[in-house]
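As structure tokens, the structure follows; a few thoughts come after it.
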Amino acid sequence: MSFIIGGRPLAARLVTEMPSFVRQVIASLVERVPAYAQLPAEELAGDIYRVTEHALRAFAAVLASGELPSADELRFLRESAARRAEEGVPIDVVLTAYHVGIQVVWETLVPEARPEEISDVLALNALALRYLQLVTPVVSAGYLDERQTMFDDERSARATLLTGLLAGTVEAPGPFVVLALDVPPHPDELLAGVDAAVASRRKLRRLRTELERHSREPVLSSLTPDGGLALLPGEDLPLERIVADAARASGVPLTVAAVAAPPSGVATAAVLAREVLLVARGSGPGLYRLTDVLLEYQLSRPSAALAPLAAIVAPLTDELVQTLEVYLRRGSRRPAASELHVHPNTVDYRLRRVAELTGLDPTRIEHVTLLTAALAARRARP
């Protein structure tokens, strides 16, 4: 079938006037889509021009035959979309080129149709809709498959680099700030009827995205829904703001230990960051450096005193340990009760139980240092 509009074969006219149509489509894209208006002229004349011309030539072939693309032709469109993904052309650019291209052809040529060509106009409209319905998922699938492959390759390369840095066997341009993160469950993970695995993955995705947002270079990370390690490239980073933003984005209070290191020192820094995080967990959410927990860190170092210190609080239940940690950090029963969401009398009762089980009274200043040391030793032991 050959479409005749304005007394001329439509497919032949489209091919002959291809440069003009491509320019019209690009001008329409710039006018209608704000993202296109912000693209450099070089990109519009390069990648965008090629994508648009390819889309119009594919449609011209359909007009010439009157038939939808064959399996081989669809395979070519899919491979072409994959190349656009490899080149870094955004998917909205690729898909919009097909839709706006056909729209420009329609708006340019159909007004020239003669009364006797109405049947061709209607047939053209039906064919164009079927064409877009067929091509859009094929192009999307080709593009997204390639992007997924590229993402998997990049993720694998990052994982390999991270493993090498942590093992001390490779180096990369640095320096880095090594973060050890403790990530508690999101409230959604604890709701009955909610898929906890989905909620935890969403939390983790938001956390990774926020860390990436604060860095111009790739962030190397080994994170699970419970926490892990992240390497932020650079030095003198606004870590307080980064941690606050990451906590807000993930929706949970994060406890983070940070240690700066050159590339050759990442392995040692990672060990230290984990140790700092271990002793900082009882101090509440927030950002901690070694200087913030010097006493607790030193008290938790292996020594003959470590086991006897940990034994002091060994009789305590997890509930009593949590209450003791919060009370020592807040310094008063009412703020501790508020954080624990219990009545102040409940805090008093629990502190009396701590005194009965340990022989040390948390409300007596002379016992506070020893209890603090015992808690640090407890966190340091398996």
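At-a-glance table
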quantity	calculated
Members of segment 223-233 found to be over 24 Å from Gly265 (Cβ atoms) and assigned to a strand (DSSP E or B), listed by number	Thr224
Residue count for segment 344-370, restricted to those that are without any contact (Cβ under 8 Å) to a residue 12 or more places away in the chain and of a type in the set (S, T, N, Q)	3
Among (1) in a loop (DSSP other than H, G, I, E, B); (2) without any contact (Cβ under 8 Å) to a residue 24 or more places away in the chain; (3) over 23 Å from Ala267 (Cβ atoms), the one test that Asp236 misses	(3)
Matching residues in segment 250-282 - criterion: being among the small types (Gly, Ala, Ser) and either touching a helix residue (DSSP H, G or I) at 6+ places or on another chain (Cβ under 6 Å) or buried (at least 16 other Cβ atoms within 10 Å of the Cβ) (or both)	Ser250, Ala257, Ala258, Ala260, Ala261, Gly265, Ala267, Ala269, Ala270, Ala273, Ala280, Gly282
Filter result for the condition that a residue is assigned by the TED database to the domain that holds Gly282, touching a Pro at 6+ places or on another chain (Cβ under 8 Å) and of a type in the set (S, T, N, Q), over Ser221, Ser200	Ser200
Arg130 vs. criteria within 23 Å of Leu29 (Cα to Cα), in contact with a Gly (Cβ under 9 Å, 6 or more places away or on another chain), open to solvent by 70 Å² or more (accessible area, probe 1.4 Å) and in contact (Cβ under 8 Å) with a residue 12 or more places away in the chain	no
Test result for Arg334, basic (Lys, Arg), modelled with pLDDT under 90 and surrounded by fewer than 16 Cβ atoms within 10 Å (Cβ to Cβ)	no
Checking Ala230 against (1) under 19 Å from Tyr288 (Cα atoms); (2) open to solvent by 10 Å² or more (accessible area, probe 1.4 Å); (3) in contact with a strand residue (DSSP E or B) (Cβ under 6 Å, 6 or more places away or on another chain), the condition it does not meet	(2)
Residue ID - least open to solvent (accessible area, probe 1.4 Å), chosen from residues in segment 303-325 that are without any contact (Cβ under 8 Å) to a residue 24 or more places away in the chain and under 39 Å from the mean Cα position of the chain (by Cα)	Thr317
Residue in segment 142-166 that is nearest to Leu77 (Cα to Cα), counting only those that are of a type in the set (A, V, I, L, M, F, W, C) and surrounded by 14 or more Cβ atoms within 10 Å (Cβ to Cβ)	Leu144
Enumeration of residues in segment 167-222 that are surrounded by 12 or more Cβ atoms within 10 Å (Cβ to Cβ), among the small types (Gly, Ala, Ser), outside any helix (DSSP H, G or I) and on the phi < 0 side of the Ramachandran plot	Ala172, Gly174, Ala180, Ser215, Ser221, Ser222
Residue identified as in the same structural domain as Tyr288 (by the TED database), closer than 30 Å to Glu235 by Cβ, touching a residue at least 40 places away in the same chain (Cβ under 8 Å) and aliphatic (A, V, I, L, M) among Leu165, Leu161, Leu211, Leu179	Leu179
Sole exception among (1) in contact (Cβ under 8 Å) with a residue 12 or more places away in the chain; (2) out of contact with any Lys or Arg (no Cβ under 6 Å at 6 or more places or on another chain); (3) farther than 25 Å from Leu287 by Cα for Gly142, by number	(2)
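The values are calculated or read from the model by the stated rules, or taken from the named source; none is laboratory data. Computed from a prediction, not measured in an experiment: that's the story for all the values here. Positions of Cβ are backbone-derived with ideal geometry, glycine not excepted, and every protein chain shown enters the neighbour counts. The accessibility values were calculated without ligands, DNA or RNA, using every heavy atom of the protein model including side chains. Shrake-Rupley method; radii C 1.70, N 1.55, O 1.52, S 1.80 Å.
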